[in-house]
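Visitor: This is the structure I have questions about; it appears just below.
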Amino acid sequence: MAEFKKSESGASQKGIWQAVWASLRGTQEDYTSGSLSRAITLLAIPMMLELLMESTFTLVDTYFVGKLGAEAVATTGLSGALIVIVFAIAIGLSIGATATVARRIGEGDNEGAGIAAGQSVVAAVLISIPVSVAGVMLSPSMLAWMGGSPEVVAGWAYPAMLFGGSVTIFLLFLNNAIFRGAGDAVIAMRALWLANILNCILDPCLIFGWGPFPELGLVGAAVATTIGRAVGVGYQFVVLMRGDQRVRLRWAYFALDAPVMKKLLRISVTGMIQYCVATASWIGVATIMAVFGSVALAGYTIATRLMMAAIMVSWGLSQATATLVGQSLGAHKPDRAERAVWITGLYNLALLGVTSIVFWVLARPMISFFTADEPVIAVGIEALRYLAVGQIFAAYSMVFSSAFNGAGDTDTPTYINLVSYWIFELPVAYWLAHIVGWGPTGVYVGVAGSGVVWASIGYVCFRKGRWKTRTV
């Protein structure tokens with residue numbers, strides 16, 4: 001009996017490592033049947049590595065920009081709060097792409113998935129144009145409106161450059177959403193790795209003028225990031241047009257298909273509102289923090305960017321839920337979709353629990369890595385520890401959100417965002433910071449508390465099960 005258990009354990013471990021290797025290799029499998037643990041592993045590992053690379057964009061920028069001083073870091077902090085508007089719209093559009101492509105793949109309709117992908121690309125390009133123009137023109141005004149000091153506003157060219165290249169953000173997110181919906185998560189991972197490696201190389205070269213490169217200072221960070229993303233997008237289109245994955249793009253799919261576009265936008269528009277609501281709350285929090293000066297804002301910026309690295313990895317794990325839910329519903333297996341959510345939630349809770357402990361214990365060395373300014377370090381340590389506690393509750397809130405979105409139910413997380421961020425987070429953060437007099441600590445408490453609110457409401461809505469009946 002003991003030998004049997006030992007053999008069974010060894011086989012189980014071997015199976016796990018085989019799944020890990022298969023996930024990195026890009027093995028194509030049917031996610032509508034078989035082991036859910038294996039399916040989650042195959043999808044989640046490349047998605048986690050993909051989104052880790054996305055967060056690394058900002059961490060690399062923060063590291064090198066930190067050499068330019070607290071004002072430069074503060075500029076990237078406020079700019080980051082602005083540029084997430086682009087991310088919000090891009091992610092919202094991506095939700096529609098993932099849900100639609102996943103549902104068609106679950107139904108066995110690969111051509112339908114390709115048509116949905118083509119319509120998504122057209123929508124992304126068209127939407128990016130006015131966003132880019134508005135962002136470039138309004139960057140100085142937006143920095144000033146958010147409470148930036150004159151020195152911070154003087155760095156307006158940094159967000160302007162990012163806004164100008166926003167089409168690369170839209171397409172990078174959108175194309176990767178197509179890959180994720182199809183279950184080809186490893187392709188999305190490779191695109192982000194390619195983009196990020198190039199960004200890491202170009203960042204110091206363009207900021208400090210290394211070798212033959214011009215010294216662009218703060219703007220150099222934005223130029224490097226935009227170039228890296230553009231190369232990643234080029235790689236994505238090569239793979240999509242090549243046609244050796246589940247979804248293939250053909251030129252004919254870019255012609256307007258009104259019924260498909262209508263379904264796509266019905267999901268995506270609410271998804272955009274969903275993330276714009278969250279994004280606007282981040283801008284509100286940054287504005288509340290800006291009142292306390294550049295030192296407080298710089299410390300908070302470093303802490304939130306470290307936190308985003310963990311959140312992005314966790315979000316990558318959560319995104320496996322969207323693919324599994326979408327494909328399972330397409331295959332008429334709602335019970336499998338629900339089991340996938342609960343299993344992924346447990347995995348995510350374990351992941352964020354460990355990272356929260358790491359952030360709490362190693363707060364000082366982690367913040368000190370980005371700056372030697374002791375007042376900034378002190379703010380960053382406190383912010384990181386409060387946020388680390390709050391992120392534990394994000395484990396299930398992210399999984400529930402991905403499940404709703406993967407099912408095409410973008411309305412529910414939108415309403416929860418409104419309650420959690422606008423009715424709770426911002427009023428509580430402002431009240432504690434300015435009325436009660438807790439200062440920046442009040443902001444951290446408000447942000448952490450909103451995660452508890454989201455997870456609680458999300459649980460109730462998920463158990464009701466209305467998401468199982470959404471059509472896509």
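The values are calculated or read from the model by the stated rules, or taken from the named source; none is laboratory data. Quick caveat, the model's predicted, so the values are computed rather than measured. As a convention, Cβ positions derive from the backbone with ideal geometry for all residues, glycine included, and neighbour counts pool all protein chains shown.
Visitor: At pLDDT 90 or above and touching an Asp or Glu at 6+ places or on another chain (Cβ under 8 Å): which single residue out of PHE254, PHE208 fits that description?
Guide: On the way: PHE254 fails: touching an Asp or Glu at 6+ places or on another chain (Cβ under 8 Å).
The conditions single out PHE208.
Visitor: Sort out which residues of region 301-316 are touching a Phe, Trp or Tyr at 6+ places or on another chain (Cβ under 6 Å) and not β-branched (Val, Ile, Thr), and write them in order of number. Give the steps one after another, and end with the answer.
Guide: Narrowing region 301-316 to residues touching a Phe, Trp or Tyr at 6+ places or on another chain (Cβ under 6 Å): 302.
Those that are touching a Phe, Trp or Tyr at 6+ places or on another chain (Cβ under 6 Å) and not β-branched (Val, Ile, Thr): none in region 301-316.
Visitor: So which of ALA154, ALA116 ends up being within 19 Å of PHE173 (Cβ to Cβ) and among the hydrophobic types (A, V, I, L, M, F, W, C)? So that I can check it myself, show each step before the final result.
Guide: Details: ALA154 fails: within 19 Å of PHE173 (Cβ to Cβ).
Of the residues listed, the single one that is within 19 Å of PHE173 (Cβ to Cβ) and among the hydrophobic types (A, V, I, L, M, F, W, C) is ALA116.
Visitor: Which pairs have Cβ atoms under 6 Å, sit 6 or more apart or on different chains, and link a residue in region 251-278 that is of a type in the set (A, V, I, L, M, F, W, C) to one that is buried (at least 24 other Cβ atoms within 10 Å of the Cβ) and part of a loop (DSSP other than H, G, I, E, B)?
Guide: Taking only residues 6 or more apart or on different chains, the pairs are ILE267/GLY408; ILE267/THR410.
Visitor: Right, something else. Hey, among ALA102, ALA88, ALA70, ALA117, which residue is more than 30 Å from ASP30 (Cβ to Cβ), among the small types (Gly, Ala, Ser) and out of contact with any Cys (no Cβ under 6 Å at 6 or more places or on another chain)?
Guide: On the way: ALA102 fails: more than 30 Å from ASP30 (Cβ to Cβ); ALA88 fails: out of contact with any Cys (no Cβ under 6 Å at 6 or more places or on another chain); ALA117 fails: more than 30 Å from ASP30 (Cβ to Cβ).
None of the others qualify; the one that does is ALA70.
Visitor: Enumerate the helices (runs of 4 or more DSSP H) found wholly within region 392-472, keeping only those where 1 or more residues are closer than 14 Å to MET289 by Cα. Give the derivation first.
Guide: Working: elements: 394-406, 411-417, 426-430, 440-464.
Answer list for region 392-472: 426-430, 440-464.
Visitor: Something else now. Kindly evaluate GLY451 against the criterion of being surrounded by fewer than 24 Cβ atoms within 10 Å (Cβ to Cβ), within 21 Å of the chain's Cα centre (by Cα) and not hydrophobic (A, V, I, L, M, F, W, C). Steps first, answer last, please.
Guide: Details: surrounded by fewer than 24 Cβ atoms within 10 Å (Cβ to Cβ): yes; within 21 Å of the chain's Cα centre (by Cα): yes; not hydrophobic (A, V, I, L, M, F, W, C): yes.
Yes; evaluated as a whole, the condition is true for this residue.
Visitor: Could you list all residues from region 80-93 that are touching a Gly at 6+ places or on another chain (Cβ under 8 Å) and of a type outside the set (A, V, I, L, M)?
Guide: Within region 80-93, GLY92 is the sole residue that qualifies.
Visitor: Whether any residue in region 352-362 is in contact (Cβ under 8 Å) with a residue 60 or more places away in the chain, of a type in the set (Phe, Trp, Tyr) and crowded, with 18+ Cβ neighbours inside 10 Å is what I want to check. I'd like the intermediate steps shown before the answer.
Guide: Here is the first cut: in region 352-362, the ones in contact (Cβ under 8 Å) with a residue 60 or more places away in the chain are none.
The answer is no, given that none of the residues of region 352-362 is in contact (Cβ under 8 Å) with a residue 60 or more places away in the chain, of a type in the set (Phe, Trp, Tyr) and crowded, with 18+ Cβ neighbours inside 10 Å.
Condition check ((1) modelled with pLDDT of 85 or more; (2) surrounded by 24 or more Cβ atoms within 10 Å (Cβ to Cβ); (3) under 30 Å from THR304 (Cα atoms)) across all residues:
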position: LYS5; (1), (2), (3): no, no, no
position: VAL73; (1), (2), (3): no, yes, yes
position: ILE85; (1), (2), (3): no, no, yes
position: ALA90; (1), (2), (3): yes, yes, yes
position: VAL101; (1), (2), (3): yes, yes, no
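Visitor: If you scan region 144-156, which residues turn out to be buried (at least 24 other Cβ atoms within 10 Å of the Cβ) and either out of contact with any Ser or Thr (no Cβ under 7 Å at 6 or more places or on another chain) or not in a helix (DSSP H, G or I) (or both)? Don't jump to the end; show me each part of the working.
Guide: In the first step, residues of region 144-156 are kept if they are buried (at least 24 other Cβ atoms within 10 Å of the Cβ); the result is 148, 152, 155.
Those that are buried (at least 24 other Cβ atoms within 10 Å of the Cβ) and either out of contact with any Ser or Thr (no Cβ under 7 Å at 6 or more places or on another chain) or not in a helix (DSSP H, G or I) (or both): GLY148, GLY155.
Visitor: Looking at the structure I just gave you, is TRP431 over 16 Å from GLN391 (Cα atoms) and either touching a residue at least 12 places away in the same chain (Cβ under 8 Å) or out of contact with any Pro (no Cβ under 9 Å at 6 or more places or on another chain) (or both)?
Guide: So TRP431 passes the test.
Visitor: Please state which one of TRP422, TRP431, TRP438 is more than 27 Å from LEU351 (Cα to Cα), modelled with pLDDT of 90 or more and in contact with a Leu (Cβ under 8 Å, 6 or more places away or on another chain).
Guide: Working: TRP422 fails: in contact with a Leu (Cβ under 8 Å, 6 or more places away or on another chain); TRP431 fails: in contact with a Leu (Cβ under 8 Å, 6 or more places away or on another chain).
TRP438 is the lone residue from the list that is more than 27 Å from LEU351 (Cα to Cα), modelled with pLDDT of 90 or more and in contact with a Leu (Cβ under 8 Å, 6 or more places away or on another chain).
Visitor: Further question on the same structure: Can you go through ILE105, ILE127 and tell me which one is among the aliphatic types (A, V, I, L, M), within 23 Å of LEU265 (Cα to Cα) and in contact (Cβ under 8 Å) with a residue 60 or more places away in the chain? Working first, answer last.
Guide: On the way: ILE127 fails: in contact (Cβ under 8 Å) with a residue 60 or more places away in the chain.
It is ILE105.
Visitor: Which of (1) surrounded by fewer than 22 Cβ atoms within 10 Å (Cβ to Cβ); (2) modelled with pLDDT under 85; (3) farther than 19 Å from TYR386 by Cα; (4) of a type in the set (A, V, I, L, M) is the odd one out, the single condition ALA278 does not satisfy?
Guide: It fails just one condition, (1).
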